[in-house]
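The structure under discussion appears below in the form of structure tokens.
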Amino acid sequence: MPVYARHTLQTTPHFNPVDVAGVNGVANALKQWRGFAVVADEVRQLAARTSKATEEIVGVVEKNQVLSDDVMREMFSTREKAEQGLELANQAGAVIVEIQEGAKQVVEAVERFANELQ
């Protein structure tokens with residue numbers, strides 16, 4: 001074998017096909033892990049946005065509960081005032097009936113007095 005050929009064979013690394021496949025496998029695995037890392041980062045970001053949205057929803061629900069409680073208090077207050085107004089209206093109606101009866105008695109008394117004067 002010529003000297004240059006022997007030198008080339010001695011200095012050129014010999015790759016076993018199994019070693020090359022292993023390196024390719026590692027490279028592919030690294031690509032997959034990189035892909036998993038990207039997906040994991042997206043999942044973390046989505047979880048953070050979901051958590052923030054959940055907090056906002058809780059805040060809105062709590063605010064709605066406070067507003068609902070305020071509305072209920074106002075409704076009960078309004079109902080009490082309406083009942084008081086109805087009671088006063090009934091009392092006023094009774095007073096008007098008494099006034100009408102009194103006026104009727106006055107008219108009758110005036111008629112009797114007028115008849116006696118004739």
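Every number here is computed from the coordinates shown, using simple stated rules; none is lab data. Quick caveat, the model's predicted, so the values are computed rather than measured. Note: ideal-geometry Cβ built from the backbone for every residue, glycine included; neighbour counts use all protein chains shown.
Observations on the structure shown:
- Between Val71 and Thr50, the modelled labels are 3.1 nm apart [label points 7 Å from Cα along Cα→Cβ].
- About its Cα centre, the dipole of the range 18-117 is roughly 1020 debye, where the only charges are +1 on Lys and Arg Cβ and -1 on Asp and Glu Cβ.
- In this simple spin-label model, placing a label point 7 Å from the Cα along the Cα-to-Cβ direction at both Arg34 and Arg112 gives a separation of 11.8 nm.
- Using θ = phi - 60° and Karplus 6.51 cos²θ - 1.76 cosθ + 1.60, couplings along the range 62-73 (whole Hz; Gly, Pro as x): 5, 5, 4, 5, 4, 4, 4, 4, 4, 4, 4, 4
- Qualifying lysines (Cα of each under 18 Å from Cα of Lys52; at least 8 residues distant if same chain): Lys63
- Loop chymotrypsin sites (Phe, Trp or Tyr not before Pro), the range 34-118 (other Cβ atoms within 10 Å of the site Cβ: 11 or fewer; DSSP): none
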